[in-house]
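The values are calculated or read from the model by the stated rules, or taken from the named source; none is laboratory data. Keep in mind that this is a model prediction, so the values were computed, not measured. FYI the Cβ positions are ideal-geometry reconstructions off the backbone, even for glycines, and counts take in every protein chain you see.
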Amino acid sequence: MAWKRRKLLGALAGTGAVGMAGCVSVDDSGDGGSGGSGGSGGGATDESGSGSSDGESGPAGEAEFWYELQEGELQLMEDAIADYNGSADYAVEGVNIAEMQDRLTSSIPTGEGPELFMWAHDWAGDFADSGFLSAQTGELDVDLGTYTEAAQGAAQFQGETYGLPVSAETVALLYNKEMVDEPPETIEEMKSIMEEHHDPANNQYGLSYNIDAYFISGYVHAFDGFYYRTDGHELGLTNEETLRGLRVITEDLWPYAPNDTEYEPQVAVFHEGNAPFAVNGPWELGNVDFDVGVAELPAPEGGTPAPYSGIQMVYFADGIEEDPDRAAAGRDFAQWYTTNTDVLQELAEEQGFIPVLDELAGSEDLPEAVQGFSASAAAGTPMPAHPRMNDVWSPTEDAILNVLTGEVDPEEAMAEAESRIRENWE
């Protein structure tokens with residue numbers, strides 16, 4: 001299953017400088033970084049978990065915070081933690097973790113996990129049902145009304161608050177401003193521009209589009225189609241509305257993209273200036289060296305694109321309540337981090353993240369590209385957080401790829417996918 005983007009959803013929000021106090025980086029092998037409560041008053045920690053404290057009295061409590069970040073995001077995260085540790089009564093020890101899901105699911109049940117960790121909201125249902133999260137309902141000082149409506153929903157599962165939201169992310173239309181003056185508002189306008197540039201024999205394409213279930217969701221939802229709805233656990237892969245959206249991909253867009261469904265070959269043609277358009281997310285803005293514009297997805301006739309949106313969360317891990325001081329530190333940091341306007345503004349400016357703090361969301365002070373993503377997220381559909389969604393992705397992904405390769409027609413492919421999903425649920 002092409003988990004490329006949904007995996008990245010959990011690796012893309014962060015905030016401070018490598019090596020700053022209170023933070024430790026773990027290499028890509030996944031080794032290093034202490035689990036559990038092995039903190040040391042906010043001092044820098046090596047991979048064995050040893051550390052030092054700069055103050056004699058130490059913080060009132062210290063929480064451990066895990067995340068899986070890339071270089072630019074990691075630097076911002078470490079700066080933020082250093083700022084917090086320098087000004088708060090509490091402290092946080094940050095740990096950059098490789099293979100986050102494996103590490104969490106093995107460490108939390110044994111009491112060796114962190115107090116906090118960061119990932120996208122679609123883990124909430126599965127992790128809550130598995131006992132990996134701690135509900136902090138009624139224990140927080142921040143009002144959930146501080147965040148956007150979508151973010152409020154992401155912070156809760158079955159009425160309990162398991163984390164606080166950092167940012168939103170979704171896909172939108174990226175366009176090369178050296179090739180396109182104004183973004184198209186409709187698919188027909190987009191096709192006319194793609195026609196001008198599409199010349200595969202010379203490695204020129206009209207579009208860069210990673211075709212998987214997440215990336216194409218905007219058009220699947222454009223006519224009120226859907227993969228899965230938690231209400232009644234309803235599947236909609238074979239609905240005519242869903243199939244109509246899929247046909248926008250197969251008939252109007254895919255013919256202008258490289259004939260390769262893998263992520264890297266698709267993004268390469270946009271990075272290299274060989275395509276005027278890409279459908280992608282804010283995580284790609286830092287990877288291009290030309291001026292990129294961001295706009296909502298062009299609308300097909302009679303439809304309104306509504307791509308899946310994810311909310312980056314700071315989760316409260318099971319076991320946080322075992323030490324009241326560490327629990328207080330974890331809650332205090334989560335509230336500070338998710339409501340600090342300086343931190344969130346920097347995330348928007350440096351990494352293109354979409355604020356979900358209500359006072360910043362949609363602000364004209366945000367960078368132009370972030371405003372474009374924010375508009376796309378506002379029109380989007382939150383990813384279902386119910387554990388059953390985990391069984392929806394892979395069969396749906398396979399069906400889409402089978403349709404693209406011409407191995408089977410859309411109706412048959414989607415019917416087979418629904419059958420597989422129901423078998424998985426049983």
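Observations, loosely collected:
- Check on M194, closer than 24 Å to E264 by Cβ and touching a helix residue (DSSP H, G or I) at 6+ places or on another chain (Cβ under 7 Å): yes
- Residues that are closer than 15 Å to Q312 by Cβ and modelled with pLDDT of 95 or more within region 65-122 comprise F65, W66, Y67, M77, A80, L116, F117, M118, listed in sequence order.
- The criterion of being more than 28 Å from N287 (Cα to Cα), in contact with a strand residue (DSSP E or B) (Cβ under 6 Å, 6 or more places away or on another chain) and surrounded by fewer than 21 Cβ atoms within 10 Å (Cβ to Cβ) does not hold for T146.
- Put simply, of E418, E368, E411, E346 the only residue that is surrounded by fewer than 22 Cβ atoms within 10 Å (Cβ to Cβ), closer than 28 Å to L173 by Cα, touching a residue at least 60 places away in the same chain (Cβ under 8 Å) and not assigned by TED's automatic domain parsing to the domain that holds A60 is E411.
Here is a yes/no grid of residues against (1) more than 18 Å from A63 (Cβ to Cβ); (2) in a loop (DSSP other than H, G, I, E, B); (3) over 19 Å from the mean Cα position of the chain (by Cα); (4) without any contact (Cβ under 8 Å) to a residue 12 or more places away in the chain:
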{"position": "D102", "(1), (2), (3), (4)": "yes, no, no, no"}
{"position": "T105", "(1), (2), (3), (4)": "yes, no, yes, no"}
{"position": "D122", "(1), (2), (3), (4)": "yes, no, no, no"}
{"position": "Q136", "(1), (2), (3), (4)": "no, yes, yes, no"}
{"position": "E139", "(1), (2), (3), (4)": "no, yes, yes, no"}
{"position": "V142", "(1), (2), (3), (4)": "no, yes, yes, no"}
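- Residue in region 189-199 that is within 22 Å of G380 (Cβ to Cβ) and surrounded by fewer than 23 Cβ atoms within 10 Å (Cβ to Cβ) present: yes
- Subset of region 248-277 [aliphatic (A, V, I, L, M), touching a helix residue (DSSP H, G or I) at 6+ places or on another chain (Cβ under 8 Å) and within 16 Å of D199 (Cα to Cα)]: L253, A257, A275
- For region 77-99, the set of residues classified as surrounded by fewer than 21 Cβ atoms within 10 Å (Cβ to Cβ) and on the phi < 0 side of the Ramachandran plot consists of D79, D83, G86, S87, A88, D89, A98, listed by residue number.
- A residue that is modelled with pLDDT under 95, over 30 Å from L243 (Cα atoms) and among the charged types (D, E, K, R) can be found somewhere in region 368-385.
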